[in-house]
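Inspection log for the structure reproduced underneath, given as structure tokens.
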Amino acid sequence: MREVLDSAAFIQGPAVGQFAAELGEYLGGAHVIPCANGTDALTLALMNLNLPTGAEVITPAFTYVATLEAAALLGLRPVLVDVLPDTFNVDPAAVEAAITPRTGAIVAVHLFGQCADLETLRSISTRHGMALIEDNAQALGATFRFGDGETAFAGAVGAVGTTSFFPSKNLGGLGDGGALLTRDAERAALLHQLANHGQSQKYYHQCIGLNSRLDTLQAALLRVKLRQLPHNTAARQAVAARYDAALAAVPGIAIPARDARSSHVFHQYTIQVEDGSRRDALQLFLQKCGVPTMIYYPLPVHAQPAYAYLGYQAGKFPVAERLCGAVLSLPIHPLLTAEQQEYVIVRISEFFGQ
Ligand SMILES: *Cc1c(COP(=O)(O)O)cnc(C)c1O
């Protein structure tokens, strides 16, 4: 960061390209196109597909709003589908059932750090000839093993993957940041153009683009933090394993399900409180004990006023709706000490009378 300050190359300085190359190498040789944030990455991924206005984009009903916001802003129609009750990830059967002649893309989200069913989603997208976009804001570094033995990094399977360097993400900056991933060199060049005013060279514009760039200062910091990512991921996984061991036997809660085909980088460690009516009481109890928890997400996207125009009624996505009332994300980060974690575990057990 000192070097960047001294050089004053705040926009598109050398660290941006260096970071992109290093992240690409880490992700098994993908092309990485940095941009301003994860939401822009989704917007740019959809812009790159050149879909006609009103084309349908299938997204899960249980996700962060940015996943469909990008589609809605571009005049595309988000089509929501329900998720699976155990992994929280999009239900591939529901995706397939939602496909119409107007479907333009499928956006899968690797929620909380574990890959969606990339095997089935990839085969659906191939069979129907439509792009699979992976919203990988929460699972950077996770891998998925296909039935044929191939292993791939989350975000590098579909036509385009997107990610975010929002400070709380697994690879977080000191502000906003994001990136697109693709294995296709030609697509990578077009995405670069789109993120930089649609220009092929300075002042020559091939298409209508965005001004969406990763600051050089953020890139310089992210280069250093990328080197710590494997260690930090392992630390998150160790925290998750300790929660699993301690909480599996506590009646009244369900620990997060693991998909054997995916590694889990535990952006969140999210339990379900089986009697949903006690979830808020547990959160309040923990808050009083000094344990912060979060609810990702309290309201499914179809119940948000902004998306009422899509016309979905309550009851349409029963799993997403139930999860919003049952999930609770516990403290998890690479610096959580065993002692702090033990305190969280003891308090949760106490709440359930253990
Ligand atoms: C964080 C997040 C985004 C948006 O990323 P920003 O960098 O905050 O724009 C998109 N999708 C998911 C699933 C996220 O968790």
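The values are calculated or read from the model by the stated rules, or taken from the named source; none is laboratory data. Just so it is clear, the model here is predicted, and its values are computed rather than measured. When we count neighbours, we look across all protein chains shown, and the Cβ atoms used for this are built from the backbone with ideal geometry, even at glycine. Ligands, DNA and RNA are excluded from the accessible area calculation, which covers all protein heavy atoms including side chains. Shrake-Rupley method; radii C 1.70, N 1.55, O 1.52, S 1.80 Å.
Kindly provide the GluC sites (Glu not before Pro) of region 77-167 that DSSP labels as loop, not H, G, I, E or B, and whose Cβ sees at most 10 other Cβ atoms within 10 Å. Display every interim value, and only then the final one.
On the way: sites: 96, 119, 134, 150; in loops: 150.
Passing sites in region 77-167 are 150.
What is the percent carbon and sulfur in the accessible area of the chain, measuring with a 1.4 Å probe over the protein chains and ignoring ligands? Each step should come with its number before you reach the end.
On the way: 8320 of 15110 Å².
Taking all protein chains in place, the chain shows 55 percent carbon and sulfur surface.
Send over a whole-number figure in Å² for the accessible area per residue of region 139-248, probe 1.4 Å.
Result: 45 Å² of accessible area for each residue.
Per residue and in cubic angstrom, what volume does the convex hull of the Cα atoms of the chain have?
Hull volume over Cα atoms, normalised by residue count, gives 142 Å³.
Where a Cα-Cα gap under 24 Å defines reach, which lysines qualify for residue 169, not counting those fewer than 8 residues away within the same chain?
By straight Cα distance, residue 169 reaches 225.
What does DSSP give for the chain in terms of the percent of beta bridges that are antiparallel, rounded to the nearest 5? Don't skip to the answer; put the middle values down first.
On the way: 26 of 42 bridges.
Counting only bridges with both partners in the chain, antiparallel ones make up about 60 percent.
Which of the trypsin sites (Lys or Arg not before Pro) across region 195-299 are loop residues per DSSP, with 16 or fewer other Cβ within 10 Å? The partial results should precede the final answer.
Values: sites: 202, 213, 223, 225, 227, 236, 242, 258, 261, 278, 279, 288; in loops: 202, 213, 258, 261.
When the trypsin sites (Lys or Arg not before Pro) of region 195-299 are filtered for loop state and at most 16 Cβ neighbours within 10 Å, 202, 258, 261 remain.
Taking residue 288 as the anchor, which lysines have their alpha carbon closer than 17 Å to its alpha carbon, excluding any fewer than eight residues away along the same chain?
none
Dipole size in debye (nearest 20) for the chain around its Cα centre, Lys and Arg Cβ +1, Asp and Glu Cβ -1?
Dipole about the Cα centre, nearest 20: 320 debye.
Within region 18-52, list the residues whose amide N lies under 19 Å from a label point set 7 Å along Cα→Cβ of residue 6.
In region 18-52, the label zone of residue 6 (backbone N under 19 Å from the point 7 Å along Cα→Cβ) covers 18-19.
GluC sites (Glu not before Pro) within region 254-354: which are DSSP loop residues with at most 16 other Cβ atoms inside 10 Å?
Answer in residue order: 274.
For a paramagnetic label modelled at 7 Å from the Cα of residue 227 toward its Cβ, which residues of region 173-205 fall within the zone defined by backbone nitrogen distances under 18 Å?
The answer is 173-174, whose backbone nitrogens lie closer than 18 Å to the label point.
Provide the FRET efficiency to the nearest 0.05 for the residue 245-residue 322 pair, computing r from the beta carbons and using R0 = 30 Å.
With R0 = 30 Å, the Cβ-Cβ based efficiency is 0.70.
Using 7 Å Cα-to-Cβ label points, what is the residue 72/residue 310 separation (nm, one decimal)?
The two pseudo-label positions are separated by 0.8 nm.
Using a 10 angstrom cutoff on alpha carbons, build the Gaussian network for the chain and name the most mobile of 110, 197, 333.
197
Roughly what angle does helix 216-247 make with the longest principal axis of the chain, taking Cα atoms, 0 to 90 degrees, to the nearest 10?
20 degrees
Taking region 188-272, how much of its Cα-Cα pair set, in percent, is spaced more than 16 angstrom apart?
Every Cα pair in region 188-272 considered, those over 16 Å come to 69 percent.
Quick one: of the DSSP bridges fully inside region 125-179, what percent are antiparallel, nearest 5? Before the final figure, lay out the partial values.
Details: 5 of 8 bridges.
Counting DSSP beta bridges with both partners in region 125-179, the antiparallel share is about 60 percent.
If R₀ is 25 angstrom, what is the calculated FRET efficiency for the pair residue 258 and residue 352, using the beta carbon separation as r and rounding to 0.05?
Efficiency computed from Cβ-Cβ geometry: 0.65.
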